[in-house]
1. Within the range 294-301, does at least one residue satisfy the condition of being closer than 26 Å to Thr38 by Cα and surrounded by fewer than 19 Cβ atoms within 10 Å (Cβ to Cβ)?
2. Pull out all pairs, ordered by first then second residue, where Cβ-Cβ is under 7 Å, the residues are six or more apart or on different chains, the first lies in the range 219-234 and is more than 23 Å from Glu203 (Cβ to Cβ), and the second is surrounded by 16 or more Cβ atoms within 10 Å (Cβ to Cβ) and among the hydrophobic types (A, V, I, L, M, F, W, C).
3. Looking only at the range 23-36, count every residue that is touching a helix residue (DSSP H, G or I) at 6+ places or on another chain (Cβ under 7 Å) and either buried (at least 21 other Cβ atoms within 10 Å of the Cβ) or of a type in the set (Val, Ile, Thr) (or both) and tell me the total.
4. Quick one: would you say Gly54 is surrounded by 24 or more Cβ atoms within 10 Å (Cβ to Cβ), in contact (Cβ under 8 Å) with a residue 24 or more places away in the chain and small (Gly, Ala, Ser)?
5. Please specify each residue of the range 52-61 satisfying the condition of being outside any loop (DSSP other than H, G, I, E, B) and within 17 Å of the chain's Cα centre (by Cα).
6. Of the residues Glu158, Glu171, Glu125, Glu148, only one is among the charged types (D, E, K, R), free of Cβ contacts under 8 Å to residues at least 12 places away in the same chain and out of contact with any Cys (no Cβ under 8 Å at 6 or more places or on another chain); which?
7. Would you mind finding the one in Ser214, Ser258 that is touching a strand residue (DSSP E or B) at 6+ places or on another chain (Cβ under 8 Å), over 26 Å from Ala359 (Cα atoms) and surrounded by 23 or more Cβ atoms within 10 Å (Cβ to Cβ)?
8. Take the residues in the range 85-102 that are buried (at least 21 other Cβ atoms within 10 Å of the Cβ) and among the aliphatic types (A, V, I, L, M), then tell me which one is farthest from Ile58 (Cα to Cα).
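Nothing in this text is a laboratory measurement; each read-out follows from the coordinates by a stated rule. Just so we're clear, the structure is a prediction, and the values are computed from it rather than from any experiment. As a convention, Cβ positions derive from the backbone with ideal geometry for all residues, glycine included, and neighbour counts pool all protein chains shown.
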Amino acid sequence: MNQPFHFNLLATDGAARRGEVVMPRGTVRTPAFMPVGTGGTVKAMYMDQVRETGADIILGNTYHLMLRPGAERVGRLGGLHEFARWPWPILTDSGGFQVMSLADLRKITEKGVTFRSHVDGTVHEMSPERSIEIQGLLDSDIQMQLDECIRLPAPPAEIERAMELSLRWAERCRTAFGDQPGKAMFGIVQGGDVEELRIRSAEALRDLGLKGYSIGGLAVGEPQEVMLAMLDVVCPILPRDKPRYLMGVGTPDDILKSVARGVDMFDCVMPTRAGRHGLAYTRFGKVNLKNARHAEDPRPLDEESDCPAARDYSRAYLHHLVKSGESLGGMLLTWNNIAYYQSLMADIRAAIEAGRFEARSGEITEMWARGDLPPI
């Protein structure tokens, strides 16, 4: 555990970046997609399966884990890596987004946020210092500052208030985190859809000299073009030699367009949630296995995939599982989706290294649009 946390920028192609985040528990190849393991599990998957898809890092959620089973308990049991049987890097978000979106009767002050659990109604306090303390008990490798994330659209004055509060909380989180050479705390750029506020937030966080930077408060109801416009503003401000993480994003198309603007890391519940609801992501685009046209289609989702879920099961069988409500359907489609996301990231990394990211992005997008309908 003596390896210091650092980011190596290995290649660029336009604004797209190929790099690696080096930590004691392993190296994360970037651009990277982090499967979401909200409560210490990537839903419907074994951790060994997640690793075999090519994932270098997963995400855990501070809010959910502090409520169940409790951060102190996880700490006593050896930390989240030991608890969940994932010995490689883990990033934990601060819990701020979930507090704002899930908790009842929340009250935000300068000190922090007081909220009532959506699980059992108990009252909890989350300050910047407590968020970092919980993430320390979980023993995550990358920890996020506590921030206030508000949904868009919102009045500019409310966006500015939340952004300024998040900046003050970032300084308190940095102090609470202290000096941990093998780990990192990332700041979170806020500012909604207001360009001037995004610039102020990014510049202030840059001046704190953090080990990494996240872009939050996007993919929360605004159109894709707004998200991309904010990335065009923020990414050039952030340090070139530090990783950039776009939180909660997103679709494969979101990822392609965000990599083109200089983003290195992503997470989203979409591939796991979609899998549990009968939707597969493939190199041919999305495939809705609920659709009756798959009922007698003997082809797999992708006969060239390295993932058994995509390669070895017919669409007819997957359709049957989904329509029957069998648990195996959600398991196989989640496995397929995480494997596809990881193969997409590997494809992106190779394209940046080869200096043909823009061309490859066009090829990928064309394949999605063309699809793979069965012959009539």
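1. no
2. Gly221/Leu152
3. Final tally of qualifying residues: 5.
4. In short, no.
5. Those that are outside any loop (DSSP other than H, G, I, E, B) and within 17 Å of the chain's Cα centre (by Cα): Ile58, Leu59, Gly60, Asn61.
6. Sole residue among the options that is among the charged types (D, E, K, R), free of Cβ contacts under 8 Å to residues at least 12 places away in the same chain and out of contact with any Cys (no Cβ under 8 Å at 6 or more places or on another chain): Glu158.
7. Ser214
8. Looking at the filtered set, the residue picked out is Val99.
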